Amino acid sequence: MFSIRPRTTAERLDKVNDRGPHLRPVVGHPPMPTPFRSTQEVVMKFADTALAGHGPTVRADRTGRRLLVLASLSTVGAFVLGIGLVTGAPDARIWVEAWRTSAYVVFAGLFALLAAAPRSHRGLWELVLGQKWALVVFAAVVGDVNEARVAGLIDLVLVAAVTVAYVLCRGWYAWRMPAAGPAGGQPSGGPAT
């Protein structure tokens with residue numbers, strides 16, 4: 001009989017495993033044993049409750065991701081400008097300029113990773129925000145030191161955008177995901193015994 005309500009996971013598994021009275025059993029494929037079926041239901045319910053209900057709305061998630069893409073592209077722009085600074089830097093500053101310019105590529109990549117999967121990287125949001133907030137605070141403390149005011153304002157705008165993206169994408173949800181097990185189910189630390 002046709003039903004309007006969606007079937008539960010248990011009902012779908014029963015349909016697949018029992019194959020119904022009108023279908024012949026598939027040769028070589030016995031029905032799934034009950035203990036495995038109940039274990040699968042528990043795993044599916046855990047995954048459903050971990051991911052459903054309180055996640056970001058589609059609009060908030062897209063807005064947050066767009067802010068991260070914008071941050072990544074602006075950091076690539078800073079990298080391009082940094083190349084000019086490195087080529088024109090005096091010998092006393094060339095290493096510092098090259099170091100700063102290479103950091104732009106790293107942060108552009110970090111922002112791109114966060115934009116691609118905002119709730120998949122534990123601690124990445126916090127690492128990025130911590131470093132950027134530290135630079136903003138340091139720029140405020142040192143005040144009028146060479147380049148501190150301009151760099152501090154740029155980092156303040158960047159940290160504001162990333163903080164808003166963190167809230168919109170609910171980046172802290174990365175901590176709620178279960179940790180991935182080792183490949184092949186082997187415990188880390190050596191071969192299986």
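Anything in region 83-133 that is in a helix (DSSP H, G or I) and hydroxyl-bearing (Ser, Thr, Tyr)? List them, or say none.
Selection gives Thr87, Thr101, Ser102, Tyr104.
Within the bounds of region 93-113, is there any residue that is farther than 11 Å from Phe79 by Cβ, under 18 Å from the mean Cα position of the chain (by Cα), of a type in the set (Asp, Glu) and surrounded by 13 or more Cβ atoms within 10 Å (Cβ to Cβ)?
No, every residue in region 93-113 fails to be farther than 11 Å from Phe79 by Cβ, under 18 Å from the mean Cα position of the chain (by Cα), of a type in the set (Asp, Glu) and surrounded by 13 or more Cβ atoms within 10 Å (Cβ to Cβ).
State which residue pairs qualify: first residue in contact (Cβ under 8 Å) with a residue 12 or more places away in the chain and over 23 Å from Leu113 (Cβ atoms) and inside region 68-88, second residue of a type in the set (Gly, Ala, Ser) and part of a helix (DSSP H, G or I) in any location, beta carbons under 8 Å apart, and separation of 6 or more residues or different chains.
Close Cβ pairs satisfying both conditions: Val86/Ala98.
Could you tell me which numbered condition Gln131 fails, if it satisfies all but one of (1) within 20 Å of Val96 (Cβ to Cβ); (2) modelled with pLDDT under 90?
Answer for Gln131: the failing condition is (2).
The values are calculated or read from the model by the stated rules, or taken from the named source; none is laboratory data. Everything quoted here is computed from the prediction, not taken from an experiment. Virtual Cβ from ideal backbone geometry, glycine too; neighbours counted across all protein chains shown.
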